[in-house]
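The values are calculated or read from the model by the stated rules, or taken from the named source; none is laboratory data. The structure presented is a predicted model; accordingly, all values stated were derived computationally and were not measured. Cβ sites come from the backbone with ideal geometry, for glycine too, and all protein chains shown count toward neighbours. These area figures cover heavy atoms from the full protein model, side chains too; ligands, DNA and RNA do not enter into them. Shrake-Rupley method; radii C 1.70, N 1.55, O 1.52, S 1.80 Å.
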Amino acid sequence: MERTEFTLLFLVTCCYLLSLFPTALEAEDAITPPQTISGYQTLVSPSQNFELGFFSPGNSTHIYLGIWYKHIPKQTVIWVANRDKPLVNSGGSLTFSNNGKLILLSHTGSVVWSSNSSGPARNPVAHLLDSGNFVLKDYGNEGHLWESFDYPSDTLIPGMKLGWNFKTGLNRHLTSWKSSSNPSSGEYTYGVDPRGIPQLFLHKGNKKVFRSGPWYGQQFKGDPVLSANPVFKPIFVFDSDEVSYSYETKDTIVSRFVLSQSGL
């Protein structure tokens, strides 16, 4: 075989092998129609903090669309889109509907999950932000049509809120995974009860098993874990528009507040 023929064959073979192992979408942080995410393709936030793509937790054979920390060696998932409707194989894809919503399609083309957008988008764009928030916008317009922070799984990170938006009726709360290999909705929930003096409540099914006590300045009366300290700043808002709990940390601190399968 001539050297030039061998070189050409080698390059073609390498290109074929690389096509079998797709990686991040050229480290992109956003997609627009007609782009999709499928297989091993991922979005990566601008500063490489978070990654969005498909994963299978633990020993599960099911596949989910989620967000995890990019640089933590053990995959640490903070959000799952289709937690109660897993894909059964790797043929799923994230794309856009005709009216600009995000939709997750199975290998048969059926809609497994969709973003609960506030309205149609003429020029939709979906961004994975450095905060870990995955947002849908209409390009050129202010505000978000949809954001993953409004639909927490089992994890609260800085910038996310627990609580009620009184204008829209949205209730942001944590729901535990069923197990470490199954992110579907477990039996524990944790969120704000706005009735009377607002407090954080942990429920097991319909049964209340823990309450934080009312908010006093920088902490909840019955929950010192959520109190202010040198690296942790709790934020509680209670007005005519919302009642919510969130927190901030120092720039160098990576933290997450997780509701475990056992209710901790």
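Against the conditions (1) farther than 26 Å from G186 by Cβ; (2) of a type in the set (F, W, Y); (3) free of Cβ contacts under 8 Å to residues at least 60 places away in the same chain, where does F96 fall short? Just the number, please. Of everything listed in (1) farther than 26 Å from G186 by Cβ; (2) of a type in the set (F, W, Y); (3) free of Cβ contacts under 8 Å to residues at least 60 places away in the same chain, F96 misses just condition (3). Could you go through segment 215-223 and let me know if any residue there is free of Cβ contacts under 8 Å to residues at least 12 places away in the same chain and among the basic types (K, R). Yes, segment 215-223 contains at least one residue that is free of Cβ contacts under 8 Å to residues at least 12 places away in the same chain and among the basic types (K, R). Looking only at residues in segment 166-178 that are among the charged types (D, E, K, R) and closer than 24 Å to R83 by Cα, the one that is least open to solvent (accessible area, probe 1.4 Å) is R172. Filtering segment 116-135 to residues that are small (G, A, S) and either over 24 Å from S47 (Cβ atoms) or without any contact (Cβ under 8 Å) to a residue 24 or more places away in the chain (or both) leaves S117, S118, G119, A121.
Considering segment 96-123, and only residues there that are open to solvent by less than 10 Å² (accessible area, probe 1.4 Å) and under 19 Å from the mean Cα position of the chain (by Cα), the residue that is farthest from S38 (Cα to Cα) turns out to be S115. Looking only at residues of segment 221-264 that are open to solvent by less than 100 Å² (accessible area, probe 1.4 Å), of a type in the set (D, E, K, R) and not in a loop (DSSP other than H, G, I, E, B), we find that the one that is modelled with the highest pLDDT is E242. One residue stands out in segment 25-84 among those that are under 21 Å from L136 (Cα atoms) and aromatic (F, W, Y): the one that is nearest to the chain's Cα centre (by Cα), namely W79. Inspection of segment 30-45 finds no residue satisfying the criterion of being at pLDDT below 95, of a type outside the set (D, E) and farther than 18 Å from I103 by Cα. The set of residues in segment 152-174 being closer than 17 Å to D241 by Cα and either in a strand (DSSP E or B) or among the charged types (D, E, K, R) (or both) consists of K161, L162, G163, W164, N165, K167, L170, N171, R172.
The rows are residues; the columns are (1) in contact (Cβ under 8 Å) with a residue 40 or more places away in the chain; (2) within 20 Å of the chain's Cα centre (by Cα); (3) surrounded by fewer than 19 Cβ atoms within 10 Å (Cβ to Cβ).
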{"position": "Y139", "(1), (2), (3)": "yes, no, yes"}
{"position": "G143", "(1), (2), (3)": "no, yes, yes"}
{"position": "T155", "(1), (2), (3)": "yes, yes, no"}
{"position": "W164", "(1), (2), (3)": "yes, yes, no"}
{"position": "S180", "(1), (2), (3)": "yes, yes, yes"}
{"position": "G186", "(1), (2), (3)": "yes, yes, no"}
